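First the structure, in the form of structure tokens, and then the observations on it.
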Amino acid sequence: MNILKTQHQDILNSVGQHLSISLISLLIAAVIAIPLAIYLRRYKKVAEVVLQITSIFQTIPSLALLGILIPFVGIGTVPAVIALVVYAVMPIFQNTYTGFTSIDPSLEEAAYAFGLSKYRRLTRIELPLAMPLIVSGLRIAMVMIIGTATLAALIGAGGLGTYILLGIETNNNALLIIGAVLSAALALIFSALIRFIGKLSFKKIMYVFATLLVLFGGWGIYSSVSKPLSTITIAGKMGSEPEILINMYKDLIQQENPKQKVELKANFGTTNFLYKALKAGQIDVYPEFTGTVMETLVKAQNYGKNPTKIYQQGKTMLKQQDNLDYLSPMKYQNGYALVVSKDFAKKYNLKKISDLRAVQDQVKAGFDIDFFNQKDGYPGIKKQYNIDFADTNTMQPSIRYKAIASGKVNLVDGYTTDPQVQKYHLVVLQDDKHFFPPYQGAPLVRNKALKEHPDMKKALDKLSGKISTKDMQKMNYQVTFQHKKAKTVAHDYLVEHKLLDK
């Protein structure tokens, strides 16, 4: 209930985004599939080829399709709509084609004998008889679109998928339920609405269809041209922390230049999607971590553990590789950590990872599957610290903290700024042998954007060396568990630390 009270306007906006994307996709798919099926009803072999092609499109994983589209059409609504149209064409085409080809040939012969023109045979005989199957295809497509549209959140198109993905990411069942229930409700409502429209006369159906086409087509054109050319677009990955940071970026940029237009795309999705969007010029800046830069973006080898050297090396390689600027990093690091319960830490006086060696036979660990297997996870910890825990279990990341809070385990892997550390009163052990690579956050910016907006670097550099690990952990807690808005938490921090005027 607290989420509904504090975020009701955001939820309504997400419903509107989800609905707009879904209806636009359905209309475009119908405009493509229905006329094509009508035309090919006389050409059986060609129709079968088209049906096979549209079926193949349905087998393409949605994430892969979105990734392919980003370099060509950017991020946001456009690639989301294209992907949804690709998936929706098949059921509409198949049902429309089946509806026309299953009409009794004697009825068409009778219409021809009465001297009806092709247009009148189509509108008076064929379309009314095929309409139940066409409507059924539209209903199937709409339900499919609304369900698949949840992935639009991964590329900055918004919608109810934001709440579903955030719920999974943060193990927040309330967010997950909000997104899932509202998506299901939309699917049921519009399935019933399409069924009702299908009972109208052909002329009324065409009026409804034309009205929707004009309304949403006009809205799409307006949206594409209404964004000012000088807008700075800032994106962030999934979760509370990136959303807090991008709101800080916005406040600082607009303090330097109050007239500057800034657009935020929170809860964007994966590193790969963001990086493609940045290189393509669809976004101008997003917060990235040094460890991710070295491991994923530039794929550096043997880069050591010195935070300053890693940052400088990453900055140089990003500039050489893609002409991107990596601005000065913040103080905190959001890297891997070993976390123990407060009681366990107090009982054995545990402060650093090396302390675990003396109590390794008492440890009941719960690890993410990746952490348990990868060389910079538990296998590396065992070798570096010469420890081997008596009892280790693998589990989904979303339930690790619940397991340690309930006493089923007394040690888990996590990240240094996880808000669950504060919520469950856990202790992050010091990595005293510096095993984990540094993960400092810093703005990753397009070079062209810095040239077009010279005030941006000065604004973002105000965060250089700022924000401690405890500060970020506290802010994550406020957003994730106290359900405060990220923009409010970001603004309060900047004001409190005299980085922003009230």
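The values are calculated or read from the model by the stated rules, or taken from the named source; none is laboratory data. Note that the structure is a prediction, hence the values are computed from the model and not measured. Backbone-built Cβ (ideal geometry, glycine too); neighbour counts: all protein chains shown.
So here's what we get for this one:
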| item | result |
| --- | --- |
| Members of the stretch 232-272 found to be touching a helix residue (DSSP H, G or I) at 6+ places or on another chain (Cβ under 7 Å), in a loop (DSSP other than H, G, I, E, B) and not aliphatic (A, V, I, L, M), listed by number | GLY236, LYS237, GLY239, ASN257, GLN260, ASN267, PHE268, GLY269, THR270 |
| Some residue of the stretch 314-325 being outside the structural domain of ASP376 (by TED's automatic domain parsing), surrounded by 23 or more Cβ atoms within 10 Å (Cβ to Cβ) and either assigned to a helix (DSSP H, G or I) or of a type in the set (Asp, Glu) (or both) | yes |
| Qualifying residue in the stretch 62-72 (condition: in a helix (DSSP H, G or I), among the hydroxyl-bearing types (Ser, Thr, Tyr) and modelled with pLDDT of 90 or more) | no |
| Qualifying residue in the stretch 64-81 (condition: free of Cβ contacts under 8 Å to residues at least 12 places away in the same chain, of a type in the set (Ser, Thr, Tyr) and in the same structural domain as ILE32 (by TED's automatic domain parsing)) | no |
| Hey, ALA442 crowded, with 17+ Cβ neighbours inside 10 Å, touching a residue at least 12 places away in the same chain (Cβ under 8 Å) and either in a helix (DSSP H, G or I) or more than 27 Å from the chain's Cα centre (by Cα) (or both) or not | no |
| Condition check for SER328: outside any helix (DSSP H, G or I), over 23 Å from the mean Cα position of the chain (by Cα), touching a residue at least 40 places away in the same chain (Cβ under 8 Å) and surrounded by fewer than 20 Cβ atoms within 10 Å (Cβ to Cβ) | yes |
| Residue in the stretch 285-292 that is buried (at least 24 other Cβ atoms within 10 Å of the Cβ), modelled with pLDDT of 90 or more and more than 27 Å from THR150 (Cα to Cα) present | yes |
| Flag if ILE21 is at pLDDT 85 or above, more than 30 Å from THR271 (Cα to Cα) and surrounded by 14 or more Cβ atoms within 10 Å (Cβ to Cβ) | no |
| Residue check, LEU350 surrounded by 20 or more Cβ atoms within 10 Å (Cβ to Cβ), farther than 29 Å from LYS402 by Cα, among the hydrophobic types (A, V, I, L, M, F, W, C) and touching a residue at least 24 places away in the same chain (Cβ under 8 Å) | no |
| Wholly within the stretch 83-177, helices (runs of 4 or more DSSP H) carrying at least 2 residues that are modelled with pLDDT of 80 or more and within 22 Å of ARG41 (Cβ to Cβ) | 127-148 |
| Set PHE367, PHE344, PHE371: member being in a helix (DSSP H, G or I), aromatic (Phe, Trp, Tyr) and within 33 Å of the chain's Cα centre (by Cα) | PHE371 |
| Residue count for the stretch 25-70, restricted to those that are more than 20 Å from the chain's Cα centre (by Cα) and either aliphatic (A, V, I, L, M) or closer than 16 Å to MET90 by Cβ (or both) | 28 |
| Unmet criterion (only one of (1) touching a Ser or Thr at 6+ places or on another chain (Cβ under 6 Å); (2) buried (at least 18 other Cβ atoms within 10 Å of the Cβ)) for ASP461 | (2) |
| Filtered residue count, the stretch 266-280, keeping only those that are under 21 Å from SER240 (Cα atoms) and either of a type in the set (Phe, Trp, Tyr) or surrounded by fewer than 23 Cβ atoms within 10 Å (Cβ to Cβ) (or both) | 6 |
| Count of residues meeting criterion [part of a helix (DSSP H, G or I) and hydroxyl-bearing (Ser, Thr, Tyr)] in the stretch 277-292 | 2 |
| Unique residue being crowded, with 16+ Cβ neighbours inside 10 Å, small (Gly, Ala, Ser) and within 20 Å of GLY239 (Cα to Cα) when the list is ALA490, ALA449 | ALA490 |
